[in-house]
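What follows is calculated from the coordinates using simple rules that are stated; it is not laboratory data. Values in this document were obtained by computation on a predicted structure and should not be read as measured data. We place every Cβ from the backbone using ideal geometry, glycine too, and count neighbours over all the protein chains shown.
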Amino acid sequence: MIFILLFRIIIIGDNIELIKRDLTCKNMLKPLQGNFKGLILISGPTNSGKSKLAEFLIKDQESITYIATSKPRKNDPEWQKRINNHIKRRPTKWKLIEYPQNICKLIKCFDKNESILIDSLGGLVEQYLIHDDDQWNIFQNEFVSSLLNNDTGFIIVAEEIGWGIVPATPIGHLFRERLSKFLQLLNSHASKKWLAINGIAIDLDNIGCTIP
């Protein structure tokens, strides 16, 4: 009898802790207030919920532009299915710009009251795989400069790809190296950093420390 009573007390205690944690997350995770400024970076692996998190955070902004960086792949129906899912989630009032040729020039043209969602960083890296390291470095610096010199709010979605299998091809290795280092560079300038894993949002600013 005493054992059963103790077991029930433990179960109730665990449930209370789960409820407290759920309430804490709900209080912490809210859409951004109107006309936010600065750079927010959201990274995560495939199907982690990173795009959904970005869309949730930005949804209450007055004027939103969504920049889709990845081009359609005619021979990849699974990729097109993922793009279609993104399209279905986006409100029709959001302005859409697809895979711009010069994103740095585009960013410089935005009004300060515009809120920008860029999805994703991997699409930008893919566009520049044909360029050599010098050209790539020039682009990175120009991209960061365009973000920092614009009094606008940006949310950038980025893929975490360095946790899995080592790429078997040179182009795959180049993509992984450039994306990982680009993400780290942007992290150093971001005012807020989130990690999405299995549909869970993790506030990196609250639990993480920058490696010296």
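So how do 204-211, 70-77, 159-166, 108-115 stack up, highest first, on mean other-Cβ count within 10 Å? Numbers along the way, then the final one.
Values: 204-211: 9.4, 70-77: 10.9, 159-166: 12.9, 108-115: 14.8.
Peptide ranking by packing, descending: 108-115, 159-166, 70-77, 204-211.
How would you rank Ser145, Ser48, Ser43, going from fewest to most other Cβ atoms within 10 Å of each one's own Cβ?
Working: Ser145 13, Ser48 20, Ser43 24.
Fewest-to-most Cβ neighbours within 10 Å comes out as Ser145, Ser48, Ser43.
Is the chain best put as rounded, prolate or oblate by its Cα gyration tensor, with a ≥ b ≥ c the root eigenvalues, rounded for a/c under 1.5, and otherwise prolate when a/b is larger than b/c, oblate when not?
Cα axes put the chain in the prolate bin.
Using only alpha carbon pairs under 8 Å that are at least six residues apart, calculate the relative contact order of the chain and give it in whole percent. Show your work: numbers first, answer last.
On the way: 287 pairs, mean separation 66.9, N = 212.
It rounds to 32 percent for the chain.
Add -39500 (n - 2.57) for each DSSP H run of 4 or more in the chain, then divide by its residues: what number comes out at 222 nm, to the nearest 500 deg cm²/dmol? Each step should come with its number before you reach the end.
Working: 8 runs with 100 residues, N = 212.
My calculation for the chain gives -15000 deg cm²/dmol from helical runs alone.
Working out 0.36 nm times the residue gap between Asn149 and Lys71, then minus their Cα-Cα distance, what length gain in nm do you get to one decimal? Numbers along the way, then the final one.
Values: separation 78, 0.36 × 78 = 28.08 nm, distance 2.73 nm.
Residue separation times 0.36 nm, minus the Cα-Cα distance, leaves 25.4 nm.
Multiplying the sequence separation of Trp79 and Cys209 by 0.36 nm and subtracting their Cα-Cα distance, what value in nm do you get?
Numbers: separation 130, 0.36 × 130 = 46.80 nm, distance 3.49 nm.
Once the chain is fully extended between Trp79 and Cys209, it gains 43.3 nm.
Please give the Cα centre distance for segment 52-66 versus segment 155-172, rounded to the nearest Å.
Centre-to-centre (Cα) distance: 25 Å.
Tell me, in nm to one decimal, what length is gained between Asn141 and Met28 on full extension, where the rule is 0.36 nm per residue of separation less the Cα-Cα distance?
Details: separation 113, 0.36 × 113 = 40.68 nm, distance 3.29 nm.
The span from Asn141 to Met28 would gain 37.4 nm if fully extended.
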